[in-house]
Amino acid sequence: MAFTKLSIDAAGADATRGSFPPSETDVWTIFRALRDARSVFGLRPGHIQTLQAMLSFLKPGHGETVFASNNSICRRVGGIDERTLRRHINRFVELGFIKRNDSSNRKRYRVRSSGGECISYGLSLAPLLQRASELIAIAQEMENNRRDRIFVRKQILTKLAHLEEYDPSNAFINYARRALRRKLSLPEYHALLASTDAECQSLSTPDDPPETMELPANDGQTVRHQSKSKKEKKDLDNDVADEELKPHLLTSVCDQATSFSTERLRNWLDIEKHARTLAPMMGIHPETFEKAKSAIGVQKASCAIFIMLQLGKRIRDFGAYFHSITLGQRQNQFDPLALIKRLSETNERTV
């Protein structure tokens with residue numbers, strides 16, 4: 001829809017003639033852009049309804065000035081009072097979307113010279129139409145933001161569903177669902193997605209699964225192997241029961257963890273406190289440590305922290321590895337004493 005450009009200053013400066021070129025954006029496209037971006041400018045639905053009513057008074061080829069009286073605009077809006085209409089118009093004037101071209105008696109009309117020049121007195125919407133590209137760009141940006149927020153939200157919900165299947169009692173699930181009840185910004189959604197990813201990774205199988213032993217195809221060999229394995233396991237359990245891991249052995253072998261302590265680690269209580277300090281630094285949530293403590297005991301949970309830090313780069317994801325050996329599939333295979341002895345022998349060979 002094209003509009004003849006006839007509005008001039010209230011002071012009656014140079015008049016203009018002509019119309020918007022065919023490529024000019026349709027006025028209702030501009031209106032929809034402002035409607036979608038109204039929150040950026042602090043506009044309420046009432047403001048938008050008033051603007052829609054004013055735009056409806058414009059006619060093709062008759063310029064961008066509204067000549068309708070306040071009473072006529074109020075009726076077209078839906079019966080709002082004149083004071084509300086004036087507030088809405090003042091707000092549009094403040095934002096630079098409407099310009100008042102007042103006559104001496106405040107009436108709204110147009111006068112035309114014999115040469116075809118016009119002076120229009122009324123509410124000029126030319127500033128709104130001139131800001132078409134700005135409004136459309138803002139509206140498009142808001143729409144992109146809205147779609148991205150929905151996209152990230154769906155990702156979070158999907159991961160939470162998988163997390164809930166794996167560990168229904170996980171406290172992070174309730175925290176994330178409470179957060180999703182609020183209207184989050186895109187950066188907040190991305191932050192929550194990152195936290196959800198981290199939580200999922202901490203519960204997934206680590207990158208270095210336990211070594212599997214190949215069994216011979218022959219049935220007789222399989223039976224003999226299983227019997228031998230059970231006997232070896234029983235002997236190992238007896239050996240571990242007879243021997244106890246001492247605090248000084250753990251702290252001396254796992255010197256990486258010990259080096260972060262400012263005080264001497266004399267007993268298991270000191271070791272536990274230090275392990276609680278190290279766990280968050282390694283990406284292990286305090287609640288996960290508490291669960292591990294309940295599942296395998298405080299000594300084994302603390303030993304896991306010390307041993308993992310000693311292994312260093314050999315473990316790709318501390319959180320996932322910790323969950324696997326304390327709460328996951330490798331819980332029954334985790335033997336701190338055996339690992340400490342192996343680390344001690346490795347240290348002796350490298351010296």
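The values are calculated or read from the model by the stated rules, or taken from the named source; none is laboratory data. Bear in mind that the values here come from a model prediction, so they are computed numbers and not experimental data. Positions of Cβ are backbone-derived with ideal geometry, glycine not excepted, and every protein chain shown enters the neighbour counts. Please note that ligands, DNA and RNA were not included when accessible areas were found on the heavy atoms of the full protein model with its side chains. Shrake-Rupley method; radii C 1.70, N 1.55, O 1.52, S 1.80 Å.
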On the formula 1/(1 + (r/R0)^6), with r taken between the Cβ atoms of LEU95 and HIS162 and R0 of 51 Å, the FRET efficiency rounded to 0.05 is 0.60
With the 1.4 Å probe rolled over protein heavy atoms, segment 51-130 has an accessible area per residue in Å² of 52
Residues whose modelled amide H sits under 5 Å from the amide H of VAL66, counting only those 5 or more places away in sequence or on another chain, are LEU123, SER124, LEU125
Taking only the Cα positions of segment 21-140, the convex hull volume per residue in Å³ is 109
Sorted list, accessible surface of protein heavy atoms, 1.4 Å probe, largest first, for ILE284, ILE296, ILE119 is ILE119, ILE296, ILE284
Among LEU123, ILE80, VAL111, the residue whose Cα sits farthest towards the positive end of the charge dipole of segment 65-128 (+1 at Cβ of Lys and Arg, -1 at Cβ of Asp and Glu, taken about the Cα centre) is ILE80
Phi-derived 3J(HN,Hα) across segment 190-201 with the Karplus relation (6.51, -1.76, 1.60, θ = phi - 60°), rounded Hz, x for Gly and Pro, is 5, 5, 5, 5, 5, 5, 5, 4, 5, 5, 5, 5
Heavy-atom accessible area of segment 31-100 with neighbours in place, 1.4 angstrom probe: carbon+sulfur share in percent works out to 44
Rounded to the nearest 10 Å², the 1.4 Å probe accessible area of GLU287 is 90
Surpassing 25 Å at the alpha-carbon level, of the pairs LYS154/LYS183; LYS183/LYS291; LYS154/LYS293; LYS99/LYS183; LYS59/LYS107; LYS159/LYS300, are LYS183/LYS291; LYS154/LYS293; LYS99/LYS183; LYS159/LYS300
Distance in nm between GLN333 and PHE41 label points, each 7 Å along Cα→Cβ, equals 6.5
At the level of C-alpha centres, the distance separating segment 65-87 and segment 272-311, in angstrom, is 69
1/(1 + (r/R0)^6) with r = Cβ-Cβ of ASN70 and SER169, R0 = 56 Å, i.e. FRET efficiency to nearest 0.05, evaluates to 0.30
Between HIS248 and ARG178, the FRET efficiency computed from the C-beta separation at R0 = 41 Å comes out, to the nearest 0.05, as 0.35
Reported to the nearest 10 Å², MET282 has, with a 1.4 Å probe, an accessible area equal to 20
Once both label points are put 7 Å beyond Cα along the C-beta direction, the THR29-ARG83 separation in nm becomes 4.1
For TRP268, the accessible surface traced by a 1.4 Å probe with all protein chains present amounts, in square angstrom to the nearest 10, to 50
